[in-house]
Each structure stands twice: as C-alpha cells, then as structure tokens.
Amino acid sequence: MEQFIVKGEVQLNGNVKINGAKNATLPLMAATLLSSGISVLHGVPNLRDIVMMQDIMTLLGAKISHEGNDTLVIDTTGVSKAEIPEHLMREMRASVFLMGPLLGRFRKVRLSYPGGCAIGPRPIDLHIKALERIGALVCDKFGYIQAEATELTGGEIYLDFPSVGATENAMMAAAVAEGVTIIRNAAREPEVLDLECFLNKMGAKILGAGSDTIRVTGVKRLNPAEHTVIPDRIEAGTFILAGAITGGDVIVENVIPEHLSAVTDKLREVGVKIINGVNSIRVRAGGFRGVDIKTLPYPGFPTDLQAPLLAMLTLAKGTSIITETIFENRFKHVDELSRMGAKIKVEGRTAIIRGVSKLTGATVAVHDLRAGAAMVLAALAAEGTSEIENVFHIDRGYESLETRLQSLGGDIVRVY
Ligand code: EPZ
C-alpha cells in the first residue's frame, strides 16, 4: 500500500494553483447523459473518483477521452444502458448522481444501494422522494433500486435536509420533465449553481440555484454543451489550513474567495492573517487561538474541511469545540491524531480539542479522504517523521497532493 513519509516542522511558503472541483465535476459528468452527443468539460481534476465515474459511464456506453491535462470530451451518443453494476456502486457513492440523468434520458434506471462509508450510512431516501415527486415509481429489493417513469411531470419537492446530491439529482431529472418543478430547502453549495449553469447551457430552464428554492421549467430535449468546472473550494481550504498549521505564507490561486467565506472568517477569528485577492487567498500564520465551530450546509462551515481544521486546532492556544452536524461519524481522524500527541475528546457529534504545544510524528492510518488530508497537515507540523498509510483515500480528492506540497517546501514523499 502506498504511503506518505513526512518530515515535519517545515513552514510552507509560496503559491499553489487550485484545480477544478471534484464535487462539481462528478454531477457535471453525470449531467452529460441527459443529451446525446459530445460535451466538453474543462478544468477537470485528475482524481480517482473522476476515473471511477468515467469507468461507470463508459460501461453505460459513453466514449470519454482526455484532451490536454484537464479536459474531458464525453460522447454520450452510444449510451444505451441504464443499469449500474453493484461493484462500481460500492466503489463510489457519487454514482448515485447518475439516477436523475438516466431516469431523465431513458425513463428508467437500476442501481444497487450505494454503500455507506467511513463517515456514515449515507442514505438516499431524499433522492428517491424527490424523483417520486416528479413521477418516478421507485422500488427497492434485493439491494437494488429500480426507478421508472412513463412520464416525468413537474411537481413540488421539499427536501427534509438540504442534501447536495438529492438537489442535483432532482434538478437533472426535472430538467426534462413536463411542466415546472420547484425544489424547496435545496442545497445552496456552489457546485449546485455550477450544475445549473451547465444544464442551462444544455438548453435547460433552471433558476435559483445557490438559493434554497430552485425553479425548473422542463424542456423536451437537451443538447451537449461545453463548460469549465469551478475551482475546488475544499482543496483550496485544505492548502490554506496547511499554510496556517505550519506557520507559513501561502497563496492559493484560481479560487473564488466568497466560496470560502466561512473558512477564512473562522481563521481570522483565531488570529490567522487572511488576505483575499480577486481569485486568490493569501494565508500568513503566526500563533492561533482555539475556537468553537459547527459544520453546516453552505454557506456555513463545510463538513469537508472539519477534519483539516481539527488538525490545525490541536496546536491552538486554548480549547476548541467542533460539532459535526452533517455526518454521523466523521471523527475517525481523532484516534490517529491522538497517536501524534493531540488531546481530543469525542462525545457523540462533538469533539473537544485541548491545544498542545507540539505534535510528534507517528505511523498513522487514513480512513477517508478528508481525514487523510488532516493527517498530512498534522504531520507537516509535527516534530519528527510520520508515516501515513492508505493514501489511496487521499488520491480520491487531491491530485498529486505530495508534489504540490513539495512545491511549497513541504518535506513529503510517496513510497510504494
Ligand atoms: C456531497 O455529498 C459531497 N460529495 C460530500 O463530499 C459532502 O460532504 C456533502 O455533499 C455535504 O456537503 C459530492 O458532492 C460528490 P448530502 P452528498 O446528500 O450529496 C444525509 C467529499 O469529501 N442524507 O448533502 O452525499 C446524509 O446521510 C465528500 O468530497 C440523507 O439523510 O451529501 C448526510 O448526513 C464527502 N438522505 C447529509 O444528508 C439522503 O437521501 C448530507 O448529505 C441524502 C443525504
């Protein structure tokens, strides 16, 4: 298994360019299935999750090729299947984003229940409720879900929770339903707005993404389109926190600062210097204080940066309290950080972190993507050397993380 070997106590300094957003790219790729023809996505990151989505779509009949180092050319003319095999569903939960487009194109879709994962059970009841509201008949047995619709007709969808995936699936299916669909309590994440932009380029009539109410006026057919993916706010936040925890001076480029307002505001609150440019953010760190924070749906503090922030707060002056309101079990990184000398107590969905003066390197395991990022940040700041195992989790969401940290002065290598 590949590992990272990290020598700590090195300040990160310099500029790093942020890639396109994984969590925008995945629904955008799925949305291309709503039309027959060749769509082009620019700014696509080279990540395991993107490769997995590509494999699934190829299996469905799409022809996908790369141009340059970040452009995907997706020909969906030959797509004829609407069934996703179990082994691929288990590999990646984001395959659930294919439900809406396949239902929209073929009026039927069959897929196995996406597995839960390290951060919680990850149900899809809200996805199913949304699709039923616009005419889908959904049945689930033997671990498979089958959705069919003779007609998709606009309707009122209320999401009990502003689920990102359920919002996106609903938008994609409603885009080709007969009539108007209103999605209430919709997720407001920037990736939802990026999907609206792309669907409208395809000929859809969608308004309101980015707010909690989205209005979709169905059209008969959608056409292929070209689009550039928005920057990855979670990758950007991870590099900002890496600059902060190492006491360095880092500029992240190709970002939309407002997408990170909750993160940069909290960092300013703890005493980290943040300077916003037009499409860059500079972090200059000295010491920082403890803070209390809750993860919330956008525009609140993003759950995907909870683990990297927690890693940083292990070295804060004072105590911090982090409450994870989005996922049930997203503190897997705590045990591993404790092996490095962190003082953390978890009670249900709350972690109490007592700042220590230093962490010490250790051999640590990675359980999920963002916990992996947290371990790298802690290792970069710790005294001595750390070995980080199972780094394949990290490759799901960060392209060549070690190379880019090396470019900032980090002493980190990948060993096979
Ligand atoms: C998206 O996942 C992201 N993934 C996640 O990023 C992110 O953490 C999450 O949104 C929250 O921001 C992608 O976009 C590919 P949700 P998604 O539906 O859509 C519950 C990463 O690290 N829920 O908003 O699956 C669910 O259990 C990943 O990049 C239901 O109860 O998230 C969870 O507690 C991790 N029923 C909460 O809602 C449903 O039908 C948030 O889930 C759906 C969700």
Taking the options L26, L47, L12, name whichever one is of a type in the set (A, V, I, L, M, F, W, C) and more than 13 Å from the ligand (Cβ to nearest atom). L12
Does G248 satisfy the condition of being surrounded by fewer than 24 Cβ atoms within 10 Å (Cβ to Cβ) and farther than 30 Å from G78 by Cβ? yes
Single residue of the stretch 166-189 satisfying the filter (in contact (Cβ under 8 Å) with a residue 60 or more places away in the chain and open to solvent by 10 Å² or more (accessible area, probe 1.4 Å)) that is nearest to A24 (Cα to Cα): E189
Among strands (runs of 3 or more DSSP E) entirely within the stretch 79-162, at least 2 residues that are within 15 Å of the ligand (Cβ to nearest atom) and within 19 Å of the chain's Cα centre (by Cα) occur in none
Filter the stretch 61-78 for residues that are open to solvent by less than 10 Å² (accessible area, probe 1.4 Å) and within 17 Å of L222 (Cβ to Cβ) and give the result. A62, I74, T76
Number of the exception - V10 against (1) over 24 Å from the mean Cα position of the chain (by Cα); (2) outside the structural domain of A373 (by TED's automatic domain parsing): (2)
(1) touching a strand residue (DSSP E or B) at 6+ places or on another chain (Cβ under 6 Å); (2) open to solvent by 20 Å² or more (accessible area, probe 1.4 Å) all hold for I157 apart from (2)
Check off (1) farther than 26 Å from V391 by Cβ; (2) in contact with a Phe, Trp or Tyr (Cβ under 9 Å, 6 or more places away or on another chain) for M53 and give me the number that stays unchecked. (1)
Take T303 and tell me if it is under 23 Å from the mean Cα position of the chain (by Cα) and polar (S, T, N, Q). yes
Being under 23 Å from L359 (Cβ atoms), assigned by TED's automatic domain parsing to the domain that holds V10 and modelled with pLDDT under 95 narrows it down to one of A285, A311, A307, A316, so name that one. A285
Are any residues in the stretch 24-51 open to solvent by 20 Å² or more (accessible area, probe 1.4 Å) and touching a Pro at 6+ places or on another chain (Cβ under 6 Å), and if so, which ones? I38
Go through (1) more than 16 Å from the ligand (Cβ to nearest atom); (2) within 21 Å of the chain's Cα centre (by Cα) for V376 and report which single condition fails. (1)
Can you work out which of the residues in the stretch 276-295 that are under 15 Å from D232 (Cα atoms) and in a strand (DSSP E or B) is farthest from the ligand (Cβ to nearest atom)? S280
If only one of S386, S400 is in the same structural domain as A244 (by TED's automatic domain parsing), under 17 Å from the mean Cα position of the chain (by Cα) and either among the polar types (S, T, N, Q) or within 13 Å of the ligand (Cβ to nearest atom) (or both), which one is it? S400
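Results for (1) part of a strand (DSSP E or B); (2) open to solvent by less than 20 Å² (accessible area, probe 1.4 Å); (3) among the basic types (K, R), shown as yes or no for each residue.
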{"residue": "A242", "(1), (2), (3)": "no, yes, no"}
{"residue": "V252", "(1), (2), (3)": "yes, yes, no"}
{"residue": "V255", "(1), (2), (3)": "no, yes, no"}
{"residue": "E258", "(1), (2), (3)": "no, no, no"}
{"residue": "T264", "(1), (2), (3)": "no, yes, no"}
{"residue": "L267", "(1), (2), (3)": "no, yes, no"}
{"residue": "I274", "(1), (2), (3)": "yes, yes, no"}
{"residue": "P297", "(1), (2), (3)": "no, no, no"}
{"residue": "L305", "(1), (2), (3)": "no, yes, no"}
Tell me, please, whether a residue that is under 27 Å from L159 (Cβ atoms) and either more than 14 Å from the ligand (Cβ to nearest atom) or at pLDDT 95 or above (or both) can be found in the stretch 238-253. no
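The values are calculated or read from the model by the stated rules, or taken from the named source; none is laboratory data. None of these values were measured; they are calculated from a predicted model. Note that each Cβ is placed from the backbone with ideal geometry, even for glycine, and that neighbours are counted across all protein chains shown. For the accessible areas, the whole protein counts, side chains as well, though only heavy atoms, and no ligand, DNA or RNA atoms are used. Shrake-Rupley method; radii C 1.70, N 1.55, O 1.52, S 1.80 Å.
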